[in-house]
Amino acid sequence: MKTFKGLDAVSSWAGLAALVLLAVMPVVFTSNYLVGVLTVAAIYGIWSVSWDFMSGLTGRENFGHSLFIGVGAYAAGFLNVQFGLGPWWSLPVSMLVAMVFALVLGFPTLRLKGPYFALAMLSSAVIMQRLMLIFWEYTGGEEGIQDITPLIANHLHYYWFVLAVLGIVTLLLSWLAKSRWGLILRAIRGDEATCLAAGLPITHYKILSLVISAAFAGLGGALYAHYQLQVSPQLFAVVTSITVITMVYVGGMGSIYGPVGGALLLTVMTEGLRDFGEWRLMVYSMLLIFILFFLPNGIIAPVWHKWRHKGQQP
Amino acid sequence: MEILIYGAVTSAIYAMLAVGFTLIFGVARVLNLAHGSFYALGAYSAYVLTTLAGLPLWLAALLSIGLVAVFGILVEKILIRPQRESQLGVLMISLATALVVEQVLFLTFGSEYRNVPAFIDTKFNLWGVDVAGQRLLTLAVAVVAIGGLYAFIQFTRLGSAILAISQDPLAAKYMGIPSDRIFSLVMGISAGLAALAGVMAGPFLSVQPSMHLLPIVKAFAIVVVGGLGSIPGSIAAAFMLGYAETLVAYGISGSWTEIVSVLATLLMLVFRPAGLFGKRAAF
């Protein structure tokens with residue numbers, strides 16, 4: 001699989017243009033519905049890009065990203081409703097909580113080769129969802145936590161805020177992915193034994209990148225909680241993780257910007273299927289199988305890459 | 001006494017699930033996240049064949065096990081085999097398959113619980129404890145099935161071929177063992193065993209579309225504790241986990257049982273990643 005270089009002048013201009021276009025779109029069409037769809041799409045973008053930073057670069061697939069998303073959202077909900085803290089506290093605290101979870105799970109599993117990490121993440125997310133239902137006295141059970149205060153009351157302004165966060169997170173992560181750091185992460189994906197032989201503390205790198213990935217997933221979870229104004233155990237479900245993974249695969253794994261495109265594309269596309277909600281998950285799973293078989297490099301990143309280098313390679 | 005009997009039944013179900021899961025991993029290096037789906041499909045097809053098609057239960061049970069085994073072989077042949085060179089491809093594809101199965105079940109049967117009929121409805125009194133006959137039968141069936149599988153692997157020619165591949169796939173290939181056909185066979189056995197667990201446990205556990213996830217979590221925990229790829233290890237670990245959960249359920253509260261498996265997994269990975277009976281942690 002190809003890996004893609006991070007930012008250069010053309011890519012950054014294109015990214016900025018896309019961001020501006022996305023920001024202006026709801027103003028032009030003045031549709032509240034569109035604002036809602038795009039806000040969700042931007043939040044999915046944050047989740048996808050954070051998944052891609054860890055799993056896309058190092059090749060260690062995280063099947064329990066919903067765990068970080070969920071604990072971030074629940075942390076926001078608890079702080080806001082149980083402890084009555086202002087909504088702005090949610091953002092740092094949810095990041096911190098997700099990071100702690102990442103450390104606890106990453107430390108035992110990322111030292112090992114093989115599928116332990118992927119499976120342990122999957123199990124933990126499943127168990128967390130069950131715990132949310134079992135300890136319903138504290139977590140609200142099936143209903144979750146209701147009546148969370150919005151971060152910014154105006155929907156359009158909140159959308160802009162989320163979009164800005166998405167832009168900053170993407171920029172930060174692509175910069176990291178392009179730095180020496182990202183190079184090492186990519187090298188780990190290529191050949192762990194060689195990296196070890198070169199004296200790199202690969203376990204530290206893997207755990208740290210999981211912690212970073214979890215922090216932004218938790219942040220995205222908090223943003224989601226303050227958008228929906230409620231959290232439910234459904235956030236922990238495996239389908240949340242699979243949705244994010246599908247978006248990354250559509251966008252192109254390991255490219256950082258691709259998954260953002262994948263998230264926007266898929267959220268807007270499947271919006272049409274929202275009326276029959278059950279079929280939506282079916283579509284995602286089928287799409288994932290299809291992409292794994294026929295387009296292992298994804299759609300968005302390769303197309304962009306090809307278009308970018310058309311002029312240079314006659 | 002109650003703990004002894006109920007723990008044994010829980011352990012027996014876990015053992016049926018974990019043995020199939022570890023078998024296909026040991027032989028084909030395939031970590032099959034669709035393993036729980038075979039369990040769910042077993043329970044559902046027993047439900048369909050008895051309640052809707054009106055077949056006698058024993059015939060329905062045999063048919064469902066056969067059907068699920070065929071389904072497992074098809075999944076292996078069509079979906080998993082092309083991805084086999086990449087461990088993560090296998091994980092992705094089998095998880096996607098599991099979700100497709102879950103959605104199909106959801107769309108056909110809805111999310112409400114279904115009742116699978118029991119083989120025996122009477123209750124037995126064992127040493128002062130009332131136990132449903134179905135639970136005892138499950139225990140007996142599990143012992144017979146796993147014992148049979150063990151004998152098959154140890155004492156037949158085909159069994160030696162399976163063992164040979166799990167020990168050294170390349171050498172086995174050079175000896176003329178048709179590894180692809182063996183993979184299909186093992187996948188069929190593994191899926192059939194999971195379906196058997198579903199048919200037997202269906203009457204006293206909840207049968208609904210998302211029932212496939214918890215078995216995967218349990219099977220993973222057992223396999224980590226017992227050592228990936230080791231059948232005796234996973235049987236022993238199944239009993240340890242089964243009893244540990246039952247003890248926690250009786251001693252503390254039923255709510256905490258779910259944490260046992262995750263805690264066991266994490267502690268095991270920290271202190272002894274190879275598992276109790278595994279030879280190596282990494283591969």
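Quick notes
- Residue match in the stretch A:220-238 (condition: over 25 Å from A:T139 (Cβ atoms), buried (at least 22 other Cβ atoms within 10 Å of the Cβ) and in contact with a Gly (Cβ under 9 Å, 6 or more places away or on another chain)): no
- The residue that is surrounded by the fewest Cβ atoms within 10 Å (Cβ to Cβ), counting only those in the stretch A:68-122 that are out of contact with any Pro (no Cβ under 7 Å at 6 or more places or on another chain) and of a type in the set (S, T, N, Q), is A:Q82.
- Restricting the stretch A:1-32 to residues that are touching a helix residue (DSSP H, G or I) at 6+ places or on another chain (Cβ under 6 Å), within 28 Å of A:S55 (Cβ to Cβ) and of a type outside the set (A, V, I, L, M, F, W, C), the residue that is modelled with the lowest pLDDT: A:T3
- For the residues A:W88, A:W51, the requirement of being at pLDDT below 85 and of a type outside the set (S, T, Y) singles out A:W88.
- Exactly one residue out of A:G167, A:G190, A:G182, A:G114 is of a type in the set (G, A, S), modelled with pLDDT of 85 or more and closer than 19 Å to A:M54 by Cα: that is A:G167.
- Answer residue from the stretch B:184-205, given it is hydrophobic (A, V, I, L, M, F, W, C) and within 13 Å of B:L158 (Cβ to Cβ) and is surrounded by the most Cβ atoms within 10 Å (Cβ to Cβ) among those: B:V186
- Answer residue from the stretch A:26-50, given it is assigned to a helix (DSSP H, G or I) and hydroxyl-bearing (S, T, Y) and is nearest to A:Y227 (Cα to Cα) among those: A:T39
Results for (1) within 14 Å of another protein chain (Cβ to nearest Cβ); (2) within 30 Å of A:I291 (Cα to Cα); (3) assigned to a helix (DSSP H, G or I), shown as yes or no for each residue.
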{"position": "B:A46", "(1), (2), (3)": "no, no, yes"}
{"position": "B:F71", "(1), (2), (3)": "no, yes, yes"}
{"position": "B:E76", "(1), (2), (3)": "no, yes, yes"}
{"position": "B:L79", "(1), (2), (3)": "yes, yes, yes"}
{"position": "B:P117", "(1), (2), (3)": "no, no, no"}
{"position": "B:A142", "(1), (2), (3)": "no, no, yes"}
{"position": "B:G148", "(1), (2), (3)": "no, no, yes"}
{"position": "B:A151", "(1), (2), (3)": "no, no, yes"}
{"position": "B:G159", "(1), (2), (3)": "no, no, yes"}
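Residue-by-condition table, conditions (1) within 19 Å of B:V199 (Cα to Cα); (2) assigned to a strand (DSSP E or B); (3) at pLDDT below 80; (4) over 18 Å from the mean Cα position of the chain (by Cα):
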residue: B:A61; (1), (2), (3), (4): yes, no, no, no
residue: B:P82; (1), (2), (3), (4): no, no, yes, yes
residue: B:E85; (1), (2), (3), (4): no, no, yes, yes
residue: B:I93; (1), (2), (3), (4): no, no, no, yes
residue: B:A96; (1), (2), (3), (4): no, no, no, yes
residue: B:Q103; (1), (2), (3), (4): no, no, no, yes
residue: B:D121; (1), (2), (3), (4): yes, no, yes, yes
residue: B:D130; (1), (2), (3), (4): no, yes, yes, yes
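- Residue in the stretch B:34-41 that is free of Cβ contacts under 8 Å to residues at least 12 places away in the same chain, among the hydrophobic types (A, V, I, L, M, F, W, C) and either closer than 18 Å to B:D180 by Cα or assigned to a helix (DSSP H, G or I) (or both) present: no
- The residue pairs whose first member lies in the stretch A:48-73 and is away from chain B (no Cβ under 11 Å), whose second member is surrounded by fewer than 24 Cβ atoms within 10 Å (Cβ to Cβ) and part of a loop (DSSP other than H, G, I, E, B), and whose beta carbons are closer than 7 Å, counting only pairs six or more residues apart or on different chains, are A:S66/A:A237.
- Count - residues of the stretch B:227-257 that are closer than 20 Å to B:M16 by Cα and either away from chain A (no Cβ under 14 Å) or in contact with a strand residue (DSSP E or B) (Cβ under 8 Å, 6 or more places away or on another chain) (or both): 15
- Hits in the stretch B:88-99 - residues which are facing chain A (nearest Cβ under 7 Å) and surrounded by 19 or more Cβ atoms within 10 Å (Cβ to Cβ): B:L91, B:M92, B:I93, B:L95, B:A96, B:L99
- All told, B:L193 meets the bar of being modelled with pLDDT of 85 or more and under 30 Å from A:M121 (Cβ atoms).
The values are calculated or read from the model by the stated rules, or taken from the named source; none is laboratory data. Quick caveat: nothing in here was measured; it's all calculated off a predicted structure. Heads up, the Cβs are rebuilt from the backbone with ideal geometry, glycines too, and the neighbour counts pull from every protein chain shown.
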